[in-house]
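In what follows, a single structure is set out as C-alpha cells and then discussed.
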Amino acid sequence: MRKYVIGIDYGTDSCRALVVDSANGREAASAVCPYPRWKKGLYCDARGQRYRQHPLDYTESLETAVRGAVAAIPADRPGEICALAFDTTGSTPVLTDAAGTPLALLPRFAEEPDAMFVLWKDHTAIREAAEINAAARRSDTDYTRYSGGIYSAEWVWSKVLHILKTNPSVAEAAYAWVEHCDWMCALLTGNTRPEKVLRSRCAAGHKGLWHAEWGGWPPAEFLDGLRPGLGRFAQRMSSETHTAERYAGGLCGEWAARLGLPAGIPVAVGAIDAHIGAVGAGIRPGVLTRIMGTSTCDIVVCPAEKLGGAVRGICGQVDGSVLPGCVGMEAGQSAFGDVYAWFRDLLMWPVRELLPGRDDLSEEIIPRLGERAALVDPRESSVLALDWLNGRRTPDANPLLTGALTGLTLGTSAPMIFRALVEATAYGSRAIVERFTGEGVEIRSILAIGGIAVKSPFVMQTLSDVLGMPIRVVGYAQTCALGAAMCAAVAAGIHPTVGEAQAAMGVREHVDYVPDPERRAYYERQYERYAALGRFVEQQTNEQ
C-alpha cells in the first residue's frame, strides 16, 4: 500500500494541492483552484498599493483543490493519505478575535478589507515601517538586527500597526494577529486560540522580529512605544516557534469531512512558500535558490558556525527556517514577473480600448516579446532600465524607490525595451548575490524554480550571463507543494529528517544554463551603468 502525502501551496493567485508518493516523490495527482474573490479584483486598490485577500478564498479553494487532487488519483495506484503540510505567501497576516477567528469571518467585518489577510505585496504600511526602524535605532537592542537591519512595509508588525492606527473599529475588535501559514495549520487541527497556535519559525523569524537572542518576540515596552497596547499582541503568542517538518496536530473531524481525508492524520507546521520551495528544489549550502514568479525570493542556507554575523540589507536570517541545523537567509525582488506584466499591460492598453473582447492577445505578448528580444544585439541598443517598479526589497529595503527607463530614441522598439527590462531584473538579482558574497556568504551556483524559470529560456540565459554563474532550473511545476509534501512526510515519521526526505523525494529533471563569456564581459560594463542609474534615482527619491 502506497503512503501518499499532500503538499498544499498557497500562492498569490491560487491554492495548489499535490499528492505524491512519499517513497519517491512521484506525483499521483494535483489540482489548482484560483481564489474566486481575488480573481474578481475585490478588496484591492493597486494605485494605493493595497492588496487584501478574504479568508473564504483560502478555505473554499482548499476544499476544491484537495478534493480535486484526491479524486484524480489513478484507480490503479491505490494508497492511503498519511499527512499534509502547507506553505503560503508571507508576510500575509490577519487580525483575529480572541478565538483566533479572522475578523473578516465575523458578519460586521465581512466586507472590510482591513479585517482580511494583508497580502505580502501590500505596501500601505510604509510610514509604519519607518517608525519601527526609527524605534529600533533608538533602542538599546536593535530588534531589526537579524532582519537585515531594515524592517519592511511588507512584514507583519508594519501591517498590523497601520491597520490599528487607521481603522478604529477593526482596532477595537482585534485581539491578536496570525500569519496565513499558521492559521491554516491551526484551523485544520482545531487549535486556533492565539495563545496556543503553533507559530512558524520561518514566518516569525523572517517577518515578525522573533529571535532567540531576545527571548522571542520584541518586549512589550518596545511595541507599546510604537502604539500603546501593541505589546499585548506579542504577549498573546507563545515565545516558542517551530520548524516546518514538526508535527502540529492531527486533522480535526470537521476538516477531515470537508476535505474527504482521514481524521487524525498528521498536519505539519506551516512556513513561507519560498523557503519550502527551496526545500523542494534540493537546496544545500553554497547554492542560492531563486523562486521566480511575480516577485522573486532568494534563499540561502549556511551552517551557523560558518556565518560571521548579521547580514545587512536582507530579509532575515533564522536558524532552522529552511533546513534544520542551518541558518536560512532570504532576499528577493519586489517585482520580477510583475515588471514584464506591467509592460505587457502597457502594450495592451490600445487593444483593450479599440478592440474590446480581444484580451486573449494578452497571453501572446510576453512570449513573442521574449522571442524578438532574444534576437536583439544588446550592444546595438542604448536602452537601460531600473527594475524597482514595486520598490526595492533587497539589498536594503526601500519601498519608495521607482523604476526608470533611459536611452530611448526614435529607433527604440518594444523588443529593445523588453530586453532592457529583463536585463534590469537580472542586474537586480546580481546586486543581491553581491550583497551575500560581500557579507561572507558562499554562493557557488544557482537553483531556480517557478513559472518564469521553466517557461523563459531567454530570461534564464540573460540571468546566467549577468550573474556570470551557472543556473540549474528545476524541471517541475509545483516545487513549493513538493517541499511541503516532504515536510508532511517527516511530520508523519515516514522519513526521519528533511535531508532524507529530499534525497528520496527530490526532482531529477533539470535544465542547465551557463554564462556566455562574450555577453558576460559586456554585462560587466552595463551593470556599472545600472548601478549608477540606481544611485541617481535613489538620490532624487531621498531629496523629494
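Read-outs throughout are calculated quantities, based only on the coordinates presented, and are distinct from any laboratory measurement. Bear in mind that the values here come from a model prediction, so they are computed numbers and not experimental data. Cβ atoms come from the backbone with ideal geometry, glycine included; neighbour counts cover every protein chain shown.
Summing Lys, Arg as +1 and Asp, Glu as -1, what charge do residues with Cβ under 9 Å from the Cβ of TRP210 carry, TRP210 excluded? Before the final figure, lay out each step's value.
On the way: positive: ARG199, ARG201, LYS207; negative: none.
Net of charged neighbours comes to +3.
When N counts the residues of region 1-44, how does its alpha-carbon radius of gyration compare numerically with 2.2 N^0.38 Å, as a ratio? Walk me through the numbers on the way to the answer.
Values: Rg = 14.0 Å, N = 44, 2.2 N^0.38 = 9.3 Å.
Ratio of Cα Rg to 2.2 N^0.38 Å: 1.51.
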(request) Sequence neighbours fewer than 8 away in the same chain don't count; with that in mind, list the lysines whose C-alpha is under 19 Å from LYS39. (result) LYS121
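Could you compute Rg(Cα) / (2.2 N^0.38 Å) for the chain, with N its residue count?
0.94
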(request) Please report how far the C-alpha centroid of region 495-525 lies from that of region 6-37, rounded to the nearest whole angstrom. (result) 23
(message) Show me, bin by bin at 10 Å from 0, the whole-percent P(r) of region 2-269 based on Cα pairs.
(response) 7, 30, 34, 20, 8, 1, 0
(request) Output ³J(HN,Hα) for region 66-83: one whole-Hz value per residue in order, computed from phi by the Karplus curve 6.51 cos²θ - 1.76 cosθ + 1.60 with θ = phi - 60°, and x for Gly and Pro. (result) 5, 5, x, 5, 5, 5, 8, 4, x, 5, 8, 10, x, x, 10, 7, 9, 5
(message) Please list 3J(HN,Hα) in residue order for region 469-485, calculated via the Karplus relation 6.51 cos²θ - 1.76 cosθ + 1.60 where θ = phi - 60°; whole Hz, with x for glycine and proline.
(response) 9, x, 10, 10, 8, 6, x, 8, 7, 10, 5, 5, 5, 5, x, 5, 4
(request) Enter the Cα centre distance for the pair region 435-470 and region 275-319, rounded to the nearest angstrom. (result) 13
(request) Quick one: give the max-minus-min coordinate of the C-alpha atoms of region 236-367 along each principal axis, largest first, in Å. (result) 57, 49, 33
(request) Calculate, in nm to one decimal, what GLU500 and LEU355 gain on full extension: separation in residues at 0.36 nm each, minus their alpha carbon distance. (result) 46.7 nm
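So what is the relative contact order of the chain, in percent, for Cα pairs below 8 Å that sit 6 or more residues apart? Write down the numbers at each step before the final one.
Numbers: 1229 pairs, mean separation 85.9, N = 544.
Value for the chain: 16 percent.
How big is the antiparallel share of DSSP beta bridges in the chain, given as a percent to the nearest 5?
Counting only bridges with both partners in the chain, antiparallel ones make up about 70 percent.
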(request) Highest first, please rank the peptides 299-308, 524-533, 236-245 by the mean number of other Cβ atoms sitting within 10 Å of their residues. (result) 236-245, 299-308, 524-533
(message) Two decimals, Cα atoms only, Kirkwood Rh: what is Rg/Rh over region 329-442?
(response) 1.03
(request) At q = 0.13 Å⁻¹, what is the base-10 log of I(q)/I(0) for region 1-155 according to the Debye formula with one equal point scatterer per Cα and no solvent? Please give it to two decimals. (result) -0.75
(request) Name the long-range amide H neighbours of CYS15: under 5 Å, sequence gap of 5 or more, or other chain; modelled H, no Pro or chain starts. (result) CYS33, TYR35
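Fewest first, what order do LEU164, LEU482 take by the number of other Cβ atoms within 10 Å?
Values: LEU164 22, LEU482 28.
Fewest-to-most ranking of LEU164, LEU482: LEU164, LEU482.
Quick one: pull the percentage of alpha-carbon pairs in region 232-273 with a separation above 11 Å. Let's see the in-between values first.
Working: 606 of 861 pairs.
The answer is 70 percent, as a whole percent.
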(message) Sorting check: for 66-74, 266-274, 97-105, which peptide has the highest mean count of neighbouring beta carbons within 10 Å, and how do the rest follow?
(response) 266-274, 97-105, 66-74
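Over region 261-327, consider all pairs of different Cα atoms and compute the Kirkwood hydrodynamic radius from their mean reciprocal separation; express it in Å, one decimal.
Details: mean 1/r = 0.0748 Å⁻¹.
Result for region 261-327 stands at 13.4 Å.
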(message) Run the numbers for THR406 and ASP512: contour at 0.36 nm per residue of separation, minus the present Cα-Cα distance, in nm.
(response) 34.9 nm
(message) Out of all DSSP beta bridges in region 359-477, what portion is antiparallel? Express it as a percent rounded to 5.
(response) 50
(message) Using only DSSP helix segments of four residues or longer, with each worth -39500 (n - 2.57), what per-residue ellipticity at 222 nm results for the chain after dividing by its residue count and rounding to 500?
(response) -12000 deg cm²/dmol
(request) Show which aspartates and glutamates lie in cross-link reach of LYS306 when reach means a straight Cα distance below 14 angstrom and same-chain residues fewer than eight apart are skipped. (result) ASP319, GLU439, GLU442
(request) Could you pull the Rg and Dmax for region 188-229, using just the Cα atoms, both in Å? (result) 12.3, 35
(request) Enumerate the calculated ³J(HN,Hα) couplings along region 196-212 in order (Karplus 6.51 cos²θ - 1.76 cosθ + 1.60, θ = phi - 60°), each rounded to whole Hz, writing x wherever the residue is Gly or Pro. (result) 10, 4, 6, 8, 5, 4, 4, 5, 5, x, 7, 10, x, 6, 7, 7, 5
(request) Express in nm, to one decimal, how much length is gained between ARG137 and GLU524 on full extension, taking 0.36 nm for each residue of separation and deducting their alpha carbon distance. (result) 135.7 nm
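Tally Lys and Arg at +1 and Asp and Glu at -1 over the other residues with C-beta under 13 Å from the C-beta of ALA271: what net charge comes out?
Surrounding charge for ALA271 is -3.
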(request) Determine which lysines satisfy two conditions relative to LYS196: a Cα distance under 21 Å, and not lying fewer than 8 residues away in the same chain. (result) LYS207
(request) With a point put 7 Å past each Cα toward its Cβ, work out how far THR437 is from ASP377 in nm, to one decimal. (result) 2.9
(request) Calculate the length of the line joining the C-alpha centroid of region 102-121 to that of region 399-433, in whole Å. (result) 36
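Would you mind telling me the antiparallel percentage of the DSSP bridges in region 2-269, rounded to 5?
On the way: 26 of 37 bridges.
In region 2-269, DSSP labels about 70 percent of beta bridges as antiparallel.
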